[in-house]
Structures are given as structure tokens and as C-alpha cells.
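Undergrad: Take this structure first; my questions come after.
The values are calculated or read from the model by the stated rules, or taken from the named source; none is laboratory data. Remember, it's a predicted structure, so these values are computed and weren't measured experimentally. Using ideal geometry, Cβ is built from the backbone for each residue, glycine included, and neighbour counts are taken over all protein chains shown. Note: accessible area is taken over every heavy atom of the protein model, side chains too, but ligands, DNA and RNA are not part of it. Shrake-Rupley method; radii C 1.70, N 1.55, O 1.52, S 1.80 Å.
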Amino acid sequence: MIYPIAAYGSAVLKKRAAEIQPDHPGLKQLIADMFETMYESAGVGLAAPQISKPIRLFVIDATPFKDEEPSLDGFKKVFINPKIVEETGEKWNFNEGCLSIPGIREDVSRNPVVVMNYLDQEFNEIQETFTGLAARVIQHEYDHLEGVLFTDRLSALKRQLLKGKLNDISRGKVDVDYRMKFPNLR
Ligand code: NI
């Protein structure tokens, strides 16, 4: 099943998501649906709050970045109840986008190395270090679980400049080729 993506301005995108238990109802199907929804909208990551489910779960498939980083070919993972253990290295800029904020891309500064503690789809506890674009995608999706969007990480000036466009997105005044749920549709 393909879910509509919650657009900028949706309350669910601003709140901290809750941890889930292994017996979370329909979890396997939900994860499959999240991958399907992500592929349908050509994203490299999707967090559960983006389909209006405020739980600590995100999926990624960084294969589209394989030309930049060959190791990302087939780099597909599920993160349940993830925690950032540490982020290190000198911050670097990367032009980020987000399925909830179509048509806007901005440089965001983040650390290049992230150590994650998380559960995989079988609830195995894993500690793993990610670098480069893999780290970038994971940091972006993790932010969604904390109620943070990449636009929250921009300068006040930059946010001010984007205000009109962001308001338009929340009202559904945006060209997008996948299904969305707009909070201020009229
Ligand atoms: Ni996003």
C-alpha cells in the first residue's frame, strides 16, 4: 500500500516520535509499505512520521547515490528505535531535499561520521558506524523522529526567504508527482 506523504506544516512532522515494541501491530507490512511509498516517490529515505505515524522507524535505500559512492549500491536498511551514539568529523555541506518539502533543496551542514545504535527488522540490536552519504541520509531521517526538518537547520535568514514557498507547500500549492496530505489545504 502506498501512503500519502505528510507535507510541510503537518503537526506529526513537528513532534518527537515514540519507541515501538517487537509486537507492534502490522509492523512487517508497515515496513514493506514504507519501502513501496518511498520508491513510488523516488526518495532515498522515509521516516514513519512522514506517513503520519509518530513512531521511531525509518527506512532507507541509498542506491540512487551509487554513482557518487559505489558502496551504496543496494544499501537498503530498516532502523527501529534508533539512537545516535555520536557524530564526529568536520561538518560538511550537502544539498538536501525531503519528500515532505517538495521543490526545495538547500545545503545543510552535518558531521560526516555517525555511530548508530538501532534495531533491525528482526529486532536484533546493532551498533554501526556510517560515513559520507549513508550517514547523511540516516541523520536526515533520524531528525524526522525528533520532529526536526532540514529547514529547521537553516539560518534564520534562509528560513525567512523560504517562508512563502513553505506556506504554499502546506496549502497544497506545489507541483508534485506523488500523493501528499496537506495540512492547510483550501
Ligand atoms: Ni525528509
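Undergrad: Sort out which residues of the stretch 131-150 are within 11 Å of the ligand (Cβ to nearest atom) and in a loop (DSSP other than H, G, I, E, B), and write them in order of number.
TA: Val148, Leu149
Undergrad: Could I ask something else about it? Pick out, from the stretch 7-111, the strands (runs of 3 or more DSSP E) lying fully within it that include 2 or more residues that are within 13 Å of the ligand (Cβ to nearest atom) and hydrophobic (A, V, I, L, M, F, W, C). Lay out the reasoning, then the answer.
TA: Details: elements: 45-47, 57-61, 76-88, 92-96, 106-110.
Ranges flagged: 45-47, 57-61.
Undergrad: Okay, moving on. Are any residues in the stretch 151-161 open to solvent by 10 Å² or more (accessible area, probe 1.4 Å) and either within 30 Å of Pro70 (Cβ to Cβ) or within 15 Å of the ligand (Cβ to nearest atom) (or both), and if so, which ones?
TA: Just the residues of the stretch 151-161 that are open to solvent by 10 Å² or more (accessible area, probe 1.4 Å), to begin with: 152-161.
Passing the criteria: Asp152, Arg153, Leu154.
Undergrad: For the stretch 151-171, which residues satisfy the criterion of being in a helix (DSSP H, G or I) and in contact (Cβ under 8 Å) with a residue 24 or more places away in the chain?
TA: Our first condition is that a residue be in a helix (DSSP H, G or I); within the stretch 151-171, this holds for 151-153, 156-170.
Of everything in the stretch 151-171, those that are in a helix (DSSP H, G or I) and in contact (Cβ under 8 Å) with a residue 24 or more places away in the chain turn out to be Thr151, Arg153, Lys158, Leu162, Lys165, Leu166, Asn167, Ile169, Ser170.
Undergrad: Could you grab me the full set of residues in the stretch 120-130 that are in a strand (DSSP E or B) and either without any contact (Cβ under 8 Å) to a residue 40 or more places away in the chain or open to solvent by less than 30 Å² (accessible area, probe 1.4 Å) (or both)? Show your work before the answer.
TA: Start the filter on the stretch 120-130 by keeping residues that are in a strand (DSSP E or B), which leaves 125-130.
Scanning the stretch 120-130 gives Glu125, Ile126, Glu128, Thr129, Phe130.
Undergrad: Right, another one. Which of the residues that make up the stretch 66-76 are under 22 Å from Ile20 (Cα atoms) and open to solvent by less than 50 Å² (accessible area, probe 1.4 Å)? Give the derivation first.
TA: Step one: filter the stretch 66-76 for residues under 22 Å from Ile20 (Cα atoms), giving 76.
The answer is none; no residue qualifies.
Undergrad: Please specify each residue of the stretch 22-43 satisfying the condition of being closer than 19 Å to Asn81 by Cα and either open to solvent by 30 Å² or more (accessible area, probe 1.4 Å) or in contact with a strand residue (DSSP E or B) (Cβ under 6 Å, 6 or more places away or on another chain) (or both).
TA: To start, the set of residues in the stretch 22-43 that are closer than 19 Å to Asn81 by Cα comprises 22-35.
Pro22, Asp23, His24, Pro25, Gly26, Lys28, Gln29, Ile31, Ala32, Met34, Phe35 - these are the residues of the stretch 22-43 that are closer than 19 Å to Asn81 by Cα and either open to solvent by 30 Å² or more (accessible area, probe 1.4 Å) or in contact with a strand residue (DSSP E or B) (Cβ under 6 Å, 6 or more places away or on another chain) (or both).
Undergrad: Also: Tally up the residues in the stretch 100-115 that are open to solvent by 10 Å² or more (accessible area, probe 1.4 Å), among the polar types (S, T, N, Q) and out of contact with any Lys or Arg (no Cβ under 7 Å at 6 or more places or on another chain), please.
TA: Qualifying residue count for the region: 0.
Undergrad: Which pairs turn up if I take residues in the stretch 66-88 that are under 17 Å from Glu122 (Cα atoms) and look for partners that are of a type in the set (Lys, Arg) and crowded, with 18+ Cβ neighbours inside 10 Å with beta carbon separation below 8 Å, at least 6 apart in sequence or on another chain?
TA: Hits for this filter: Ile80/Arg56; Asn81/Arg56; Pro82/Arg56.
Undergrad: Okay, next question. Could you please find all residues in the stretch 172-186 being touching a residue at least 24 places away in the same chain (Cβ under 8 Å) and surrounded by 13 or more Cβ atoms within 10 Å (Cβ to Cβ)?
TA: Gly172, Val174, Val176, Tyr178, Met180, Lys181, Phe182, Pro183, Asn184, listed by residue number.
Undergrad: Of the conditions (1) out of contact with any strand residue (DSSP E or B) (no Cβ under 7 Å at 6 or more places or on another chain); (2) touching a residue at least 40 places away in the same chain (Cβ under 8 Å), Val137 clears all except one; give me its number.
TA: Tallying (1) out of contact with any strand residue (DSSP E or B) (no Cβ under 7 Å at 6 or more places or on another chain); (2) touching a residue at least 40 places away in the same chain (Cβ under 8 Å), Val137 fails exactly one: (1).
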